[in-house]
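Derivation of every value follows stated rules applied to the coordinates shown; laboratory data play no part. Note that the coordinates shown come from a computational prediction; the quantities given were computed from them, not determined experimentally. FYI the Cβ positions are ideal-geometry reconstructions off the backbone, even for glycines, and counts take in every protein chain you see.
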Amino acid sequence: MSGHARTLSHATSRSAVLDVIRAAGTISRVGLIQTTGLTGATISTVVRRLIDDGLVIETGRAESTGGKPRVLLALNQPSRFAVGVHLDHSGIAYVLTNLGGAVVARMSRAGAGVADPPVVVARMAREVDALIEGVGVDRSRVLGLGLVSPGPLTPASGMRLTPPSMRHWEDFPLDRTLQEAVRLPVVLDNDATASALGERWSGGVGAAATFAAVYMGTGIGAGLLVNGNAYRGTSGNAGEIGHICLDVDGPECWCGARGCTEALAGPAAVVAAARGDAAIAEATGLDRPADHARSSVVADFAAVARAARSGDAGARDLLERSARYLAVATRTLANVMDLELIVLTGPGLAVAGSIYLPVIQAELDRSFFARASHSITVQLSRSAATACAIGAAAMVLQSELAPLRQGLRLPDNLPDSEPVGMGLSTA
Ligand SMILES: [Zn+2]
């Protein structure tokens, strides 16, 4: 055992052990020693405290090849809960998950719309209370609330440089205000990163620990998971493939640049093009005057997707053109990260994923840089509409129970691992 493992703090050992138990489902103490590289004495102490705290239970015995059978450990799923909230202009999705990330309650309510932020936050607090009380969960067992909103984010004030539909939220101290209103710790992240985390915690990507979730909601983004940890970049704004330039002379984007994926092919661009073509506008119902209380980019984009799926050639052409741009942006991300798995998610791809998926897969098969070394799989999320809220709850579980610092990941073989030692020395 090297010095690195011994320098692991108790909190880090506890987090590492919890994370391994969560990922494994059930595991013995010997299995924990092998997986984490921690000593038998450390595992014994950490596990005893986790059992005392009610987070872990003993759950039977494994078959043994000689010697006495090994006691299996599992998370005590109903011992803790987390709230996940996905706030958007068009809708607010809520989930309550248990310690393992399984959804025990969910609900959808009206979006932020044009209401003043303090009014929306007060309503969200009432809705969170209803969510928790509806399933009779003791509030003291709720660890916190994960909140996702369309990025970009700043740690100081929550949202900043907001997308056009939520401009009136700019500089509103969302996390602090919501924390006071719901009386729970609040963790804030962007929608694409949370949806990637949600895919992993909801089992949508199997054992894959490194992948990207390409997210389309009001805008376009990507969440990156590297060895099971979200890669957030310096400020939580990594993965912004919506703002990769695909045409240096292209249209101006709301971010201030030109020719971005989102400006050329994002949901708002698709909706604007549909409105601009009389035949498509009629087929999609977008020619009628907008009902401002209900209308949103997400809802209007869904109308274009419905028309395409029911056979309108014009609507389908618009979406396939958008898909070709998104495919190039996705290929760029895959080339930079050398990925082998991409999950398509978010409300936009929940309704139009069947059109985007083959276009993106074909682009990657044809021109992914490392295609001679390995293939790359593109799949549709099984929970594209709610992955974001599940990921928001997973953020709380991760930050409360597995607060491994970003980039600090316990490798399979801890003792000889430089990165862990380096990560801890700067921690
Ligand atoms: Zn842009």
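Quick notes on this one:
- Charge context of residue 268, other residues only, Cβ under 10 angstrom, K/R +1, D/E -1: -2
- Zone of residue 133's modelled label, taken as backbone nitrogen in region 75-89 under 20 Å from a point 7 Å along Cα→Cβ: 81-85
- Across region 2-139, counting alpha-carbon atoms alone, Rg and Dmax equal 20.1, 67 Å.
- The local environment of residue 203, defined by Cβ-Cβ distances under 13 Å, has a net charge of +2 under the rule Lys, Arg +1 and Asp, Glu -1.
- Measuring nothing but how far apart in sequence close Cα pairs (under 8 Å, 6+ apart) lie, relative to its length, the chain scores a relative contact order of 19 percent.
- Across region 211-222, computed HN-Hα scalar couplings (Karplus, 6.51 cos²θ - 1.76 cosθ + 1.60, θ = phi - 60°) run 6, 10, 9, 8, 10, 10, x, 6, x, 10, x, 9 Hz from first to last residue, x flagging Gly and Pro.
- Per residue convex hull volume, Cα atoms of the chain, in Å³: 161 Å³
- Å³ per residue enclosed by the Cα convex hull of region 188-300: 147 Å³
- Charge tally around residue 258: other residues with Cβ under 13 Å, Lys/Arg +1 each, Asp/Glu -1 each, net -4.
- DSSP beta bridge pairing in the chain, given as percent antiparallel to the nearest 5: 65 percent
- Angle in degrees between helix 10-24 and the longest Cα principal axis of the chain, rounded to the nearest 10: 70 degrees
- Cβ-derived FRET efficiency at R0 60 Å, residue 247 paired with residue 41, nearest 0.05: 0.50
- Simple label model, 7 Å out from Cα along Cβ direction - residue 382 to residue 107, nm: 2.7 nm
- Each label was represented as a point 7 Å from its Cα along the Cα-to-Cβ direction; for residue 24 and residue 278 these points are 6.9 nm apart.
- Sorted largest first, the principal axis extents computed over the alpha-carbon atoms of region 241-317 equal 33, 29, 20 Å.
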